[in-house]
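The values are calculated or read from the model by the stated rules, or taken from the named source; none is laboratory data. Please read all numbers here as calculations on a predicted model, not as lab measurements. All Cβ positions, glycine included, derive from the backbone under ideal geometry; neighbour counts span all protein chains shown. Ligands, DNA and RNA are stripped out before the accessible areas are found, and what is left, the full protein with its side chains, is counted by its heavy atoms. Shrake-Rupley method; radii C 1.70, N 1.55, O 1.52, S 1.80 Å.
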Amino acid sequence: MENVTFELMALPYSEDALEPVISRQTISFHYGKHLQAYVNNLNALLKDSLLAGLPIEEIVKKSEGGMLNNAGQILNHNLYFSQFTAPQADNRPMGALAEAIERQYGSFEAFRDEFQKKGVALFGSGWVWLSVDADGRLVITQEPNASNPILHGLKPLLTFDVWEHAYYLDYQNRRPDHLSALWQIVNWEEIGRRYEE
């Protein structure tokens, strides 16, 4: 089977574009070192594997152990890093996604509070996700370590990384402050596109 290697995704913004919410230093380590390591590790694990050549989503669904951990982290981080934009005041969703959030949670503020609470309460390392299920309902889940909502039949829309390497340089142990600040840089146009596709 042909060995197709994965590459580090290209950031859709400069490394300092998310400051002061996420510093250039954090992007440099989180994207440039952590994500690059997952890419390198997965490429090494895929050599001569029956999963070589499959899309990242399929590798996540069909692998386990170290391969699942590295593939899951690539998928998670690719979704994470591609969902941000420069900080904006009063940043909130629009269109069909905004209507779905309002209908299901009562208000954007109520949704945001529940999402943050799930992120703060997740023990150890992992991710908090907004996804949509097969019936079109929005679902907030906590995923430990490198897990992704696609493993539960959900389509991921938005994620906040609660591994310490995502925020420790900027916020030390203040995970709630990190999660609260991230709302300023969510690219709701991108999240809305994921919802509608």
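Residues in region 1-60 that are modelled with pLDDT of 95 or more, touching a Leu at 6+ places or on another chain (Cβ under 8 Å), among the aliphatic types (A, V, I, L, M) and more than 21 Å from ALA146 (Cβ to Cβ): VAL21 only.
Within region 111-130, the set of residues being among the aromatic types (Phe, Trp, Tyr) and outside any strand (DSSP E or B) comprises PHE111, PHE115, PHE123. Looking only at residues in region 133-175 that are outside any helix (DSSP H, G or I), open to solvent by less than 30 Å² (accessible area, probe 1.4 Å) and among the aliphatic types (A, V, I, L, M), which one is farthest from LEU79 (Cα to Cα)? Looking at the filtered set, the residue picked out is LEU138.
Here ALA100, ALA89 are screened, and the one residue that is of a type in the set (Gly, Ala, Ser), in a loop (DSSP other than H, G, I, E, B) and under 22 Å from GLU189 (Cα atoms) is ALA89.
Among the residues of region 46-63, those identified as hydrophobic (A, V, I, L, M, F, W, C) and either within 17 Å of ASN78 (Cβ to Cβ) or open to solvent by 80 Å² or more (accessible area, probe 1.4 Å) (or both) are LEU46, LEU50, LEU54, ILE56, ILE59, VAL60. Of all the listed residues (SER23, SER63, SER14), the sole one being of a type outside the set (Phe, Trp, Tyr), more than 21 Å from HIS165 (Cβ to Cβ) and out of contact with any strand residue (DSSP E or B) (no Cβ under 7 Å at 6 or more places or on another chain) is SER63.
Quick one: in region 176-197, of everything that is more than 16 Å from the chain's Cα centre (by Cα) and touching a residue at least 40 places away in the same chain (Cβ under 8 Å), which residue is least open to solvent (accessible area, probe 1.4 Å)? Within region 176-197, the match that is least open to solvent (accessible area, probe 1.4 Å) is PRO176. Picking from residues in region 92-113 that are of a type in the set (Lys, Arg) and surrounded by 13 or more Cβ atoms within 10 Å (Cβ to Cβ), the one that is nearest to the chain's Cα centre (by Cα) is ARG112. Considering each residue of region 1-22 in turn, none proves to be open to solvent by less than 50 Å² (accessible area, probe 1.4 Å) and assigned to a helix (DSSP H, G or I).
Inspect region 28-48 for any residue being small (Gly, Ala, Ser) and in a loop (DSSP other than H, G, I, E, B) and give the result as yes or no. No, because not a single residue in region 28-48 is small (Gly, Ala, Ser) and in a loop (DSSP other than H, G, I, E, B).
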